[in-house]
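Visitor: Structure incoming, see below.
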Amino acid sequence: MTQSRVIIRLTAEGVRLLDVIKVSRLSKDYGALRAVDDISFCIEEGTVFGILGPNGAGKTTTIECMVGLKNRSTGQINVLGLDPELHRHELFSKVGVQLQETVYQSAAKVFELCELFSSMYREPLNYTKLLQRFGLKSKSKSFIGSLSGGQRQKLAIVLALIANPKILFLDELTTGLDPGARREIWAYIKELQSEGRTIVMTTHYMEEATLLCDKICLINQGRMVAHGTVDQVIEQADIDLVITFTTDHDIRPLLRSLPNIGRVEQNGSLVHVSTGSEQTLTDLVMALSEAQVAYRKIKIAYPELEDAFLKLVNSTAKGAVS
């Protein structure tokens with residue numbers, strides 16, 4: 001019997017956090033292609049961790065290595081104290097997995113698939129209660145092929161939960177769903193986290209990552225380009241704030257004397273001012289007032305995760321070797 005070892009770390013505040021997953025210098029090769037290249041991160045118990053990146057970045061391969069579906073080329077992976085390659089069967093009963101490419105037989109019925117998954121575990125959760133919880137009880141005897149996209153995704157969560165896992169791996173769970181169905185899935189993910197489960201998810205939706213994830217890892221062409229909270233990743237992208245307002249005066253000469261001013265654009269009455277400091281807004285208002293320049297509709301826009309994603313991904317792509 002293997003011995004589980006969970007890594008304990010201390011925050012600056014002295015709070016003990018359990019690292020239930022540790023990935024260290026993970027690489028995965030497919031022949032001459034390196035799909036994942038020297039990736040490292042830790043995931044704390046009870047958190048939602050997002051793996052973001054464009055198509056082909058290596059997100060799914062990373063998850064497949066973490067759950068033991070694929071053998072890594074180099075590096076170390078520790079999930080709940082277990083090496084997913086050496087202890088695949090033991091880990092199988094502790095995690096739930098929903099993969100993007102999983103296809104279920106359309107002619108199978110919902111309850112039949114649930115019974116099949118239940119037979120794989122010694123102490124499975126009651127799938128009837130899970131179907132009820134996710135609004136699928138009335139679909140128990142329906143064919144898989146008759147379910148809507150949202151219902152299929154909820155069924156994927158049910159199947160991943162039958163093992164009563166400590167960690168859920170969700171691979172682009174909401175891709176292709178309409179906004180209403182997507183938000184319904186988001187509510188379920190928050191609910192599952194509130195039960196103490198750790199969730200590892202990949203996504204293309206920046207709003208989804210911002211709303212759900214405690215920490216994210218941004219990868220591109222197999223390499224990690226940013227890691228941390230959403231705010232930390234945005235900060236790593238080093239994107240200017242943008243102040244906009246309208247005025248009937250040419251204010252470009254006035255702005256030259258202000259510190260921290262970047263690009264200034266004035267098209268007619270509309271003005272855009274880029275800056276690296278929030279203080280610029282105060283300095284700008286004072287300068288306009290002192291110069292007796294009337295202005296309207298002044299506001300400041302902060303960079304969002306999508307802005308950081310585009311900048312970080314594009315910057316790494318430009319330096320890539322084809």
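Visitor: Output the number of residues of the stretch 193-233 satisfying the condition of being of a type in the set (A, V, I, L, M, F, W, C), over 20 Å from residue 97 (Cα atoms) and crowded, with 17+ Cβ neighbours inside 10 Å. Explain how you work it out, then say what you get.
Guide: Just the residues of the stretch 193-233 that are of a type in the set (A, V, I, L, M, F, W, C), to begin with: 199-201, 206, 209, 211-213, 216-219, 224-226, 230, 233.
Applying the additional criterion that residues be over 20 Å from residue 97 (Cα atoms) yields 206, 211, 218-219, 224-226, 230, 233.
Subset that is crowded, with 17+ Cβ neighbours inside 10 Å: 206, 218-219, 224-226, 230, 233.
So the answer is 8.
Visitor: Then there is this: For residue 107, all conditions in the list (1) modelled with pLDDT under 90; (2) open to solvent by 80 Å² or more (accessible area, probe 1.4 Å) hold save one; what is the number of the exception?
Guide: Residue 107 satisfies all of (1) modelled with pLDDT under 90; (2) open to solvent by 80 Å² or more (accessible area, probe 1.4 Å) except (2).
Visitor: Could you give every pair whose Cβ atoms fall below 7 Å, whose first residue belongs to the stretch 63-76 and is more than 14 Å from residue 97 (Cα to Cα), and whose second residue is hydrophobic (A, V, I, L, M, F, W, C) and buried (at least 19 other Cβ atoms within 10 Å of the Cβ), counting only separations of at least 6 or pairs across chains?
Guide: Once the first residue is more than 14 Å from residue 97 (Cα to Cα) and sits in the stretch 63-76, its partners that are hydrophobic (A, V, I, L, M, F, W, C) and buried (at least 19 other Cβ atoms within 10 Å of the Cβ) give 72/26; 72/65; 75/26.
Visitor: Since residue 235 meets every condition but one in (1) in contact (Cβ under 8 Å) with a residue 12 or more places away in the chain; (2) in a helix (DSSP H, G or I), which condition does it not meet?
Guide: So the condition that residue 235 fails would be (1).
Visitor: Quick one: which residue in 256, 223 is without any contact (Cβ under 8 Å) to a residue 12 or more places away in the chain and out of contact with any Cys (no Cβ under 7 Å at 6 or more places or on another chain)? Give the steps one after another, and end with the answer.
Guide: Values: 223 fails: without any contact (Cβ under 8 Å) to a residue 12 or more places away in the chain.
The conditions single out 256.
Visitor: Can I ask one more? I'd like the full set of residues that are assigned to a helix (DSSP H, G or I) and among the charged types (D, E, K, R), limited to the stretch 272-312. Don't jump to the end; show me each part of the working.
Guide: First, the residues of the stretch 272-312 that are assigned to a helix (DSSP H, G or I): 279-290, 305-312.
Result: 283, 290, 306, 307, 311.
Visitor: Select from the stretch 245-271 the residues that are among the polar types (S, T, N, Q) and farther than 30 Å from residue 227 by Cα and write down the one among them that is least open to solvent (accessible area, probe 1.4 Å). Show your work before the answer.
Guide: To start, the set of residues in the stretch 245-271 that are among the polar types (S, T, N, Q) comprises 246-247, 257, 260, 266-267, 269.
Now drop any that are not farther than 30 Å from residue 227 by Cα, which leaves 246-247, 257, 266-267, 269.
On the way: 246: 24, 247: 1, 257: 93, 266: 27, 267: 112, 269: 48 Å².
My answer is 247.
Visitor: Could you list all residues from the stretch 122-136 that are touching a residue at least 40 places away in the same chain (Cβ under 8 Å) and either open to solvent by 40 Å² or more (accessible area, probe 1.4 Å) or over 29 Å from the mean Cα position of the chain (by Cα) (or both)? Step through it out loud before you land on a result.
Guide: Initially, the stretch 122-136 is screened for residues touching a residue at least 40 places away in the same chain (Cβ under 8 Å), giving 123-124, 134.
Correct list: 123, 124.
Visitor: So for the stretch 77-97 (the condition being in contact with a Gly (Cβ under 7 Å, 6 or more places away or on another chain) and either aliphatic (A, V, I, L, M) or more than 21 Å from residue 35 (Cα to Cα) (or both)), does at least one residue qualify?
Guide: Restricting attention to the stretch 77-97, the residues satisfying the condition of being in contact with a Gly (Cβ under 7 Å, 6 or more places away or on another chain) are 84-85, 88, 91.
Those left that are additionally either aliphatic (A, V, I, L, M) or more than 21 Å from residue 35 (Cα to Cα) (or both): 88, 91.
The answer is yes, given that some residue of the stretch 77-97 is in contact with a Gly (Cβ under 7 Å, 6 or more places away or on another chain) and either aliphatic (A, V, I, L, M) or more than 21 Å from residue 35 (Cα to Cα) (or both).
A quick yes/no check of all residues on (1) surrounded by 15 or more Cβ atoms within 10 Å (Cβ to Cβ); (2) without any contact (Cβ under 8 Å) to a residue 40 or more places away in the chain; (3) within 28 Å of residue 211 (Cα to Cα):
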position	(1), (2), (3)
82	yes, no, no
138	no, yes, no
165	yes, no, yes
191	no, yes, yes
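The values are calculated or read from the model by the stated rules, or taken from the named source; none is laboratory data. Every value quoted in this text rests on a predicted model; they were computed, and no experiment measured them. Positions of Cβ are generated from backbone atoms using ideal geometry, with glycine treated the same way; all protein chains shown enter the neighbour counts. Please note that ligands, DNA and RNA were not included when accessible areas were found on the heavy atoms of the full protein model with its side chains. Shrake-Rupley method; radii C 1.70, N 1.55, O 1.52, S 1.80 Å.
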